[in-house]
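Below you'll find the structure, written out as structure tokens, and then a few comments.
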Amino acid sequence: MGYRFAVMSGIFLLLFSSGCATTRSESAPAVVKRTQMQMGTLVTITSVASDRRRAQDAASAGFQEIHRLEELLSTWIATSELSQVNAAAGRDAVMLSRDTMKVLEASLEMARLTEGGFNILVGPAVEAWSVLDRQHIPSDAVLQAVRPLTELRSLHLNVAERTVYLAKPGMRVDVGGIGKGFAADMAVAAMQAAGATAGVVALSGDIRTFGRLPGGMKFPFGVRHPRHEEAVLAFIELQDEAISTAGDYERYFERDGVRYHHILDPITLQPARDCQSVTVVARDGLTADGLDTGIFVMGRERGLALVERLPGVGAMIVDRDGKVWVSSYLKGRVRMNDGIE
């Protein structure tokens with residue numbers, strides 16, 4: 001039985017070519033796969049349930065939950081909670097929903113774990129680089145001017161009152177590096193409540209799985225090679241886990257033989273240089289999504305040391321020279337693609 005690929009920005013979901021849209025046997029579980037554009041990316045949900053209607057309803061519940069969270073977290077929506085936070089920077093504290101507060105609390109914890117490698121305030125520096133639009137290399141003076149806007153000590157969370165305050169005008173919160181993982185977690189919970197027994201929620205490269213495919217198979221994935229587009233570097237199977245990849249190949253430009261990409265080191269405000277890609281497997285999407293970027297910035301040595309301290313977390317890192325490193329949690333689970341040099 002062959003496979004077909006569903007490409008998800010760094011991760012390939014390998015689905016049976018015999019038909020994942022729905023199973024043919026009425027006695028077997030139904031498998032439904034649907035795709036929508038949400039959170040600025042293609043969202044693909046695979047839903048497994050006792051019958052087709054229940055599988056469809058569960059997929060719909062997953063999409064509805066992602067849409068609800070987009071209304072809270074997207075900085076492209078003027079009425080979202082985070083847009084209100086950014087508009088009030090330097091003036092007022094803003095009251096948040098429990099979900100938005102949870103994402104911000106998790107973001108600060110990720111910043112602590114990754115020694116500042118993960119930073120939800122780095123947006124002004126990313127904009128100064130404008131990797132996709134202007135392909136601009138900003139001057140040191142420009143980066144130093146925006147640096148005060150990226151300092152996490154100027155973000156004040158009041159958990160008891162459920163408020164957040166950005167101390168300086170021009171500061172901006174952007175949870176694009178962790179919000180999709182959280183949305184995948186919440187969509188999975190909604191699908192399970194609607195009767196799904198297994199499934200996959202994939203927001204581009206941020207993916208959460210639960211249960212198993214009909215027949216007892218885990219969900220198989222391929223990890224993209226960072227230097228060979230659409231080629232699989234390695235294979236891994238997941239059950240009740242999340243996987244997320246950060247790479248220097250998604251948004252970048254090259255000049256004089258140097259690759260400039262969108263993953264900035266919040267300390268230097270320059271593109272992080274020690275890795276080509278970082279893939280993290282964890283028990284939840286919030287953790288996997290936050291850690292992949294933070295570890296990319298930390299670099300191979302410190303990143304692997306961090307992962308080894310975290311229970312239920314593993315990483316596969318392709319370093320600056322293209323060498324692959326696999327943490328102990330994933331040893332024996334990652335199968336390299338021998339056909340790729």
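First measure r as the distance between the Cβ atoms of Val159 and Val258, then evaluate 1/(1 + (r/R0)^6) with R0 = 41 Å and state the FRET efficiency to the nearest 0.05. If you can, show how the numbers build up before the last one.
Working: r = 42 Å, r/R0 = 1.04.
Computed FRET efficiency for Val159 and Val258 comes out at 0.45.
Over segment 146-213, all Cα pairs binned in 5 Å intervals from 0 give whole-percent P(r) values of 3, 15, 17, 14, 12, 12, 12, 8, 5, 2, listed from short to long. Accessible surface for Thr150 stands near 10 Å², nearest 10, in the context of the full protein assembly shown (1.4 Å probe).
For His228 and Ser328, calculate 0.36 nm times their separation in residues minus their Cα-Cα distance, and state this gained length in nm to one decimal. Can you show the working numbers first?
Details: separation 100, 0.36 × 100 = 36.00 nm, distance 2.59 nm.
Length difference between fully extended and current span is 33.4 nm.
Any idea how many Lys pairs in the chain come in under 24 angstrom at the alpha carbon, given 8 or more places apart or on separate chains?
Values: Lys33/Lys180; Lys33/Lys218; Lys102/Lys168; Lys102/Lys180; Lys180/Lys218; Lys218/Lys331; Lys323/Lys331.
Step by step, the pairs that qualify in the chain add up to 7.
Between amide H atoms placed 1.01 Å from N, distances below 5 Å from Leu238 occur with Phe219, Phe221, all of them 5 or more places distant or on a separate chain. For Asp289, the solvent-accessible surface with a 1.4 Å probe is about 10 Å², rounded to the nearest 10. Summarising the amide proton neighbourhood of Ile11: residues at separation of 5 or more, or on other chains, whose placed amide H is nearer than 5 Å comprise Arg224. Ranked from largest to smallest solvent-accessible area, with a 1.4 Å probe on the protein heavy atoms, Thr197, Thr75, Thr41, Thr46 come out as Thr197, Thr75, Thr41, Thr46. Modelled label positions at Arg335 and Glu151, each set 7 Å beyond Cα in the direction of Cβ, lie 5.2 nm from each other.
Each distinct pair of alpha carbons in the chain adds a 1/r term; the inverse of their mean, the Kirkwood radius, is 20.6 Å.
Compared with the dominant principal axis of the Cα atoms in the chain, helix 179-193 is inclined by about 30°. Glu237 contributes about 90 Å² of solvent-accessible surface, heavy atoms of the protein only, 1.4 Å probe.
Explain nothing, just the number: relative contact order of segment 152-251, from Cα pairs under 8 Å at least 6 residues apart, as a whole percent.
18
As a test of reading the structure, rank Asp206, Asp321 by solvent-accessible area (1.4 Å probe, protein chains only), most first.
On the way: Asp206 15, Asp321 130 Å².
If we order Asp206, Asp321 from most to least accessible, we get Asp321, Asp206.
Just add up the charged neighbours of Arg98: K/R +1, D/E -1, any other residue whose Cβ is under 12 Å from the Cβ of Arg98. List each step's numbers first, then the result.
Values: positive: Lys102, Arg162; negative: Glu81, Asp99, Glu105.
Charge balance near Arg98 sits at -1.
Would you compute the Debye intensity of segment 218-330 from its alpha-carbon atoms alone, equal scatterers and no solvent, and pass along log10 I(q)/I(0) at q = 0.24 Å⁻¹ to two decimals? Ignoring solvent entirely, the Cα scatterers give -1.46.
With an 8 Å cut-off on Cα pairs and a minimum separation of 6 or more residues, tell me the relative contact order of the chain in percent. Provide the component values of the computation, followed by the final result.
On the way: 763 pairs, mean separation 61.7, N = 341.
Value for the chain: 18 percent.
Quick one: check the C-alpha center-to-center distance for segment 311-330 versus segment 197-225, whole angstrom. So the two Cα centres are separated by 20 Å.
Hey, got the dipole for the chain? About the Cα centre, +1 on K and R Cβ, -1 on D and E Cβ, debye to the nearest 20?
Numbers: 37 positive and 40 negative charges, 109 e Å.
For this selection, approximately 520 debye.
Counted residue by residue at 0.36 nm each, then reduced by the alpha carbon distance between them, the extension gain from Arg34 to Asp240 reaches 72.2 nm. Working from label points 7 Å from Cα in the Cα-to-Cβ sense, the Thr79 to Leu42 distance is 3.0 nm.
By how many nm would the segment from Ile137 to Lys102 grow when fully extended, if each residue of separation counts as 0.36 nm and the alpha-carbon distance is taken off?
Stretched out fully, the Ile137 to Lys102 stretch lengthens by 9.1 nm.
Using a/c under 1.5 as the rounded threshold, could you call segment 289-341 rounded, prolate or oblate? The axes a ≥ b ≥ c are square roots of the C-alpha gyration tensor eigenvalues, and prolate needs a/b larger than b/c, oblate otherwise. Intermediate values should be presented prior to the final figure.
Details: a/c = 2.14, a/b = 1.31, b/c = 1.64.
Because a/c hits 1.5 or more and a/b fails to exceed b/c, segment 289-341 counts as oblate.
Between Ala231 and His225, the built amide H atoms are under 5 Å apart, and every one of these is 5 or more places off in sequence or on another chain.
Between Glu109 and Asp51, what is the FRET efficiency for a Förster distance of 35 Å, r being their Cβ-Cβ separation, to the nearest 0.05? Could you put the intermediate results ahead of the total?
Numbers: r = 40 Å, r/R0 = 1.15.
About 0.30, to the nearest 0.05.
The values are calculated or read from the model by the stated rules, or taken from the named source; none is laboratory data. None of these values were measured; they are calculated from a predicted model. Every residue, glycine among them, receives a Cβ derived from its backbone with ideal geometry; neighbour counts consider all protein chains shown. Side chains are part of the model used for accessible areas, which takes the heavy atoms of the whole protein and leaves out ligands, DNA and RNA. Shrake-Rupley method; radii C 1.70, N 1.55, O 1.52, S 1.80 Å.
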